[in-house]
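Asker: Here it is: the structure, laid out below.
Laboratory data are not the source of any read-out in this text; all were calculated from the coordinates shown. This is a predicted model, so every value here is computed, not measured. When we count neighbours, we look across all protein chains shown, and the Cβ atoms used for this are built from the backbone with ideal geometry, even at glycine.
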Amino acid sequence: MVGLLPLLLLLPVFLYVAAPRIRKMLSCGVCTSAVQLPGKVAVVTGANTGIGKETAKELAQRGARVYLACRDVQKGELVAREIQTTTGNEQVLVRKLDLSDTKSIRDFAKDFLAEEKHLHILINNAGVMMCPYSKTADGFEMHMGVNHLGSGVTAYSVHPGTVKSELTRHSSFMRCLWWLFSFFIKTPQQGAQTSLYCALTEGLEGLSGNHFSDCHIAWVSAQARNETIARRLWDVSCDLLGLPMD
């Protein structure tokens, strides 16, 4: 037991030194596209922190005009200035968007259409997890209202992996768990790779509707591939939002 003590004391040091290599090994998906985006317009929701911030920064670095769609505009402005300074791209704009309020969503869409003729890239990144029970401004349960009804339908669904972000802010247990396994958790920059891959890689149009993880098509359950269930979910969602079903 005495002989093991030095090894136990050295373990935290080893993990600290090896952490970057461990994260890199676990983060096997990397977007290698060299596509540049001058003249392109992108919207990234939840872009004032974490994966969304890193995604917006990369799109701005490639020359796109990037809209940071954020609930906290003040925080968004700070991030926009940071991205502008880092990338040299002044076309990083902040607009108010609260996914827990359909009025805010409609106002955002209306104002965006008044500013832009085209939208080339939409990254629905914002979401909530394990927040205390509450309802959106429209009376929907918060997780359902924000993550599904608020974000709408996208061409691809992606899983960024286990990423160090503010998504765990509502759960002390999850924050402790994230801290305990921090050596094995992706950074936000690593977590942004799959979203960037789907947004930037040419030739993926025929794979619309697939689920991606680590920059590859990922397996999904039979229920997720069931067209009848998908249609029913679509119809119910449209009915809840008061939208036409077709």
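Asker: Note down the nm distance, to one decimal, between modelled labels 7 Å out along Cα→Cβ at A222 and at S33.
Answerer: Reported label-point gap for A222 and S33 is 3.4 nm.
Asker: If you count, for each residue, the other Cβ atoms within 10 Å and average over each peptide, how do 210-222, 75-87 line up from highest to lowest? List each step's numbers first, then the result.
Answerer: Details: 210-222: 13.8, 75-87: 17.1.
Highest-to-lowest ranking by the protection proxy: 75-87, 210-222.
Asker: May I ask you to work out the translational diffusion coefficient for segment 23-140 at 4 °C, viscosity 1.567 mPa s, via Stokes-Einstein with Rh from the Kirkwood sum over Cα pairs, reported in whole µm²/s?
Answerer: Working: Rh = 15.2 Å.
Stokes-Einstein gives a translational diffusion coefficient of 85 µm²/s.
Asker: Something else about it: Taking 27 Å as the cut-off for C-alpha to C-alpha distance, list the pairs among K40/K96; K75/K110; K53/K103; K57/K135; K53/K117; K110/K135 that go past it. Please list the in-between numbers first.
Answerer: On the way: K40/K96 21 Å; K75/K110 23 Å; K53/K103 24 Å; K57/K135 32 Å; K53/K117 24 Å; K110/K135 24 Å.
Too far apart for the 27 Å limit: K57/K135.
Asker: In segment 69-89, whose amide N lies under 15 Å from the spot 7 Å out along Cα-to-Cβ of S134? List them in ranges.
Answerer: 71-72
Asker: Of the listed peptides 88-99, 224-235, 53-64, what is their order by residue-averaged count of other C-beta atoms within 10 Å, with the highest listed first?
Answerer: Values: 88-99: 18.8, 224-235: 11.2, 53-64: 24.1.
Packing proxy ranking, top to bottom: 53-64, 88-99, 224-235.
Asker: Run the numbers for E205 and K75: contour at 0.36 nm per residue of separation, minus the present Cα-Cα distance, in nm. Numbers along the way, then the final one.
Answerer: Numbers: separation 130, 0.36 × 130 = 46.80 nm, distance 3.42 nm.
Full-extension gain reported as 43.4 nm.
Asker: Can you give the extra length, in nm with one decimal, that the chain gains between K103 and M245 once fully stretched, where that is 0.36 nm per residue apart less the Cα-Cα distance? List each step's numbers first, then the result.
Answerer: Numbers: separation 142, 0.36 × 142 = 51.12 nm, distance 1.95 nm.
Contour length minus Cα-Cα distance gives 49.2 nm.
Asker: Once fully extended, how much extra length lies between E116 and K96, figured as 0.36 nm per residue of separation less the alpha-carbon to alpha-carbon distance?
Answerer: Values: separation 20, 0.36 × 20 = 7.20 nm, distance 1.58 nm.
Answer, rounded to one decimal: 5.6 nm.
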